[in-house]
Amino acid sequence: MREDEIIKLLKAVGVIFLLIFCLFPFLWMIFISVNKNPDFLSPQSEFVLTFKNYFEVATSNKFHLWDYLVNSLVVSIASAILATFFASLSAYSITRLRFPGRIVIPLILLGFSMFPQIAIVGYLFGMITDFGWLNTYAALIFPYITLGLPLALWIMLSYFSQLSTELDKAALIDGASRLQILFKVILPLSLPALFSTFMLTLIYSFNEFLFALMLTTDYHGRTIPVGIALFEGLHGQIPWGYIMAAAVIAVIPVLLLIALFQKYIIQGLTEGAVKG
């Protein structure tokens with residue numbers, strides 16, 4: 001066997017292994033969600049196909065699945081929009097304005113993002129309680145903006161730094177202000193980066209668990225990862241069929257977004273990484 005054939009074979013094996021590694025948990029989740037006996041691995045049980053778990057999770061008020069899903073969408077979309085907006089303002093200031101410490105700011109934000117969430121959740125809980133925001137959207141939106149801002153800023157920085165400053169100079173000569181340049185010149189040229197930043201922060205906020213667990217108390221404020229995780233506490237046992245069915249439903253919106261817009265996400269990430 002020739003060397004190039006061996007390389008192709010190894011690549012094919014690697015791709016197959018990677019697909020199995022990535023898809024197996026999701027396929028296993030679907031497999032359990034359509035099983036009448038989620039404990040089918042025990043010798044006394046056998047696989048019986050049913051969609052009862054999906055029907056009950058989607059229609060029963062005791063699960064509050066749609067309340068959790070709406071909460072997740074509202075919180076994640078609002079957080080992603082605001083984080084992208086603030087990151088755009090910050091990235092433009094750092095790449096276009098000359099002021100002391102502008103290089104240090106993204107490094108400081110990156111350092112803050114490395115702190116474990118568990119180290120600050122106690123102080124955050126006290127602050128949210130003092131504000132009277134416990135179990136509200138604001139209790140999650142503001143922390144999620146803070147957590148998503150370092151990633152958003154670095155993506156926007158990498159993209160803005162590739163845009164020629166001659167655009168700004170030409171607009172300034174025409175009498176445009178800095179905000180007008182940002183919103184009418186720079187941002188329209190940065191739509192791929194804006195979209196990538198928005199999508200990545202949205203997915204992060206949608207999946208976040210710890211803050212959603214600590215800062216919410218019931219279905220009025222809880223997001224869907226916490227809601228699904230607490231199915232056990234609601235029913236006194238582990239209803240694996242319901243949990244997996246709800247997890248499949250919760251994953252579908254994120255999968256659809258990624259499948260539909262993955263080209264734009266990759267474009268926004270890669271264009272800012274190439275000089276010129």
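Quick notes
- Region 57-207 shape via C-alpha gyration tensor axes, a/c threshold 1.5: prolate
- Ranking of Leu110, Leu49 by count of other Cβ atoms within 10 Å, fewest first: Leu49, Leu110
- Efficiency of FRET between Lys52 and Ala138 - r from beta-carbon atoms, R0 35 angstrom, step 0.05: 0.40
- Mean residue ellipticity, 222 nm, helices only, the chain: the sum of -39500 (n - 2.57) across DSSP H runs of n ≥ 4, divided by residue count and rounded to 500, is -23000 deg cm²/dmol.
- Rg then Dmax, both in Å and based on the Cα atoms of the chain: 23.2, 80.
- Amide H contacts for Asn35 (H built 1.01 Å from N in the peptide plane; partners 5 or more residues away or on another chain; cut-off under 5 Å): Thr50.
- A Cβ-based charge dipole, computed about the Cα centre of region 56-271 with Lys and Arg at +1 and Asp and Glu at -1, lands at about 560 debye.
Coordinate-derived values only; no laboratory data. Being a predicted model, the structure only gives us computed values, none of them experimental. FYI the Cβ positions are ideal-geometry reconstructions off the backbone, even for glycines, and counts take in every protein chain you see.
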